[in-house]
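The values are calculated or read from the model by the stated rules, or taken from the named source; none is laboratory data. Just so you know, these numbers come straight off a predicted model, no measurement behind them. Using ideal geometry, Cβ is built from the backbone for each residue, glycine included, and neighbour counts are taken over all protein chains shown.
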Amino acid sequence: MNTLETVKILGNIKKSIFTAQDIKKILGIKNSNTLYKTIEKLTKKKILTRTAKGVYFTSTDVPNEFQIANALQKPSYISLESALNFYGILIQTPYQIISVTPERGKQVSFEEKEFIFCHISPRYFWGYKKLDDFLIADKEKAVVDEIYFKSKGREMIDFEECDLSHINKGKLKEYARAIKWPPFQKLFKEIFL
């Protein structure tokens, strides 16, 4: 298969981020060595861009920063300041793209952007949805996550400078009740009571 045919096949797939295994399946490649030579050739020709080990996107369908964040760390969802800014709750735009993950926390630089992955207990890894091909916290869960991480010593935004008018207060309290950690409960009550 020549490069033009490969580009056409990848362009017809309704997906912006591919794993090496996706590429193997899409192109019908049987041999792992052939797969890696194909990926290497496509990367050198700038048809594919590598975001992380075994994760690529095509030059014709560049994913947005939130999609890239989800691909850099699985599982993860966009939260904290990034989600609050996305929803218009936080006016200031954070420089970093911030996500939470039940895996080990880490920081990754990709194309002059910082991606921060904050570790959260697996029992609190919920309250997110798929939106435009990326996973993001609900508005209320982004607020709860912000308070949760503050109760663990992370810097926090000033909620007095936020527009909380679009937050569902009942849902916010329901989410907060699910976080059983006493320092979180104490801080939540200080902020919202």
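For the reader, a short list of remarks on this structure follows.
- Qualifying residues in the stretch 12-40 (those that are of a type in the set (D, E, K, R) and in a loop (DSSP other than H, G, I, E, B)) - the one modelled with the lowest pLDDT: Lys14
- The stretch 109-157: number of residues that are hydroxyl-bearing (Ser, Thr, Tyr), assigned to a helix (DSSP H, G or I) and surrounded by fewer than 22 Cβ atoms within 10 Å (Cβ to Cβ): 2
- Conditions (1) touching a residue at least 40 places away in the same chain (Cβ under 8 Å); (2) within 30 Å of Ser165 (Cα to Cα); (3) assigned to a strand (DSSP E or B): number failed by Ile91: (3)
- Phe188 vs. criteria within 12 Å of the chain's Cα centre (by Cα), buried (at least 20 other Cβ atoms within 10 Å of the Cβ), of a type outside the set (A, V, I, L, M) and outside the structural domain of Ile13 (by TED's automatic domain parsing): no
- Of all residues in the stretch 74-83, those satisfying the criterion of being more than 15 Å from Glu155 (Cα to Cα) and surrounded by 15 or more Cβ atoms within 10 Å (Cβ to Cβ) are Ser76, Tyr77, Ile78, Ala83.
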